[in-house]
Each structure stands twice: as C-alpha cells, then as structure tokens.
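J.: This is the structure, below, for whatever I ask next.
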Amino acid sequence: MKSTMEDDRMSNITLKILDLTGDTVLADLDADTVRSEVNALDGERWVFVDGRMVQRDALANIDIAENATVLVTRQMVAGLV
C-alpha cells in the first residue's frame with residue numbers, strides 16, 4: 001500500500017480554466033483539489049475530463065485519473081460566451 005506522501009507526489013492532474021480574462025492552468029493537483037477549485041467557480045460552467053463532458057454537479061462522483069486534464073469553460077450558446 002502506498003503512503004499518503006507517495007500518493008500526494010503522484011497526483012498530477014492538470015486543471016485548465018478558460019474565461020474572458022484568459023486561461024488559468026493549475027498543474028500537479030489531486031482530485032479533491034480539482035473538485036474544490038471547480039466548485040468555487042461562479043456561474044454556469046462546462047466541465048470536460050480528458051475531453052469527455054461531465055456534469056459539474058456529478059464531478060464529485062467521477063473518478064479522475066492521474067495524469068488527467070480537466071478543462072472548465074463558461075457555457076456557450078451560438079458561439080457566445
């Protein structure tokens with residue numbers, strides 16, 4: 001069994017947040033930190049985990065793999081943000 005310290009070092013999920021002010025990229029995160037960051041964002045958002053769209057509310061129930069990329073963007077309608 002891996003120790004907590006080893007698990008923390010192995011966490012390397014990348015979170016990319018796209019918005020009108022530019023892109024924010026947070027690297028080497030664990031799944032709990034990703035969930036906290038996404039939940040803290042205001043407004044309606046689309047969430048993609050490794051290119052697959054998931055419901056923001058369901059993110060807590062999704063197993064986010066190590067080395068995953070999570071992309072968060074505002075919902076778009078007819079090309080408008």
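J.: When the accessible area of the stretch 29-76 is computed with all protein chains present and a 1.4 Å probe, what percentage of it is carbon and sulfur?
T.: Numbers: 1280 of 2930 Å².
Ligands and nucleic acids excluded, carbon and sulfur give 44 percent.
J.: Test of understanding: what is the full-extension gain from Asp30 to Ala60, defined as 0.36 nm times their sequence separation minus their Cα-Cα distance?
T.: Here the answer is 9.5 nm.
J.: Additional query: What accessible area per residue comes out for the stretch 13-81, rounded to a whole number of Å², with a 1.4 Å probe?
T.: On the way: 4450 Å² over 69 residues.
With all protein chains present, the stretch 13-81 gives 65 Å² per residue.
J.: Is the stretch 12-81 best put as rounded, prolate or oblate by its Cα gyration tensor, with a ≥ b ≥ c the root eigenvalues, rounded for a/c under 1.5, and otherwise prolate when a/b is larger than b/c, oblate when not?
T.: Working: a/c = 1.79, a/b = 1.46, b/c = 1.22.
Here the stretch 12-81 falls in the prolate category.
The values are calculated or read from the model by the stated rules, or taken from the named source; none is laboratory data. Here the structure is a predicted model, which is why all the values come from computation and not from measurement. What goes into the accessible areas is simple: the full protein's heavy atoms, side chains included, and nothing from ligands, DNA or RNA. Shrake-Rupley method; radii C 1.70, N 1.55, O 1.52, S 1.80 Å.
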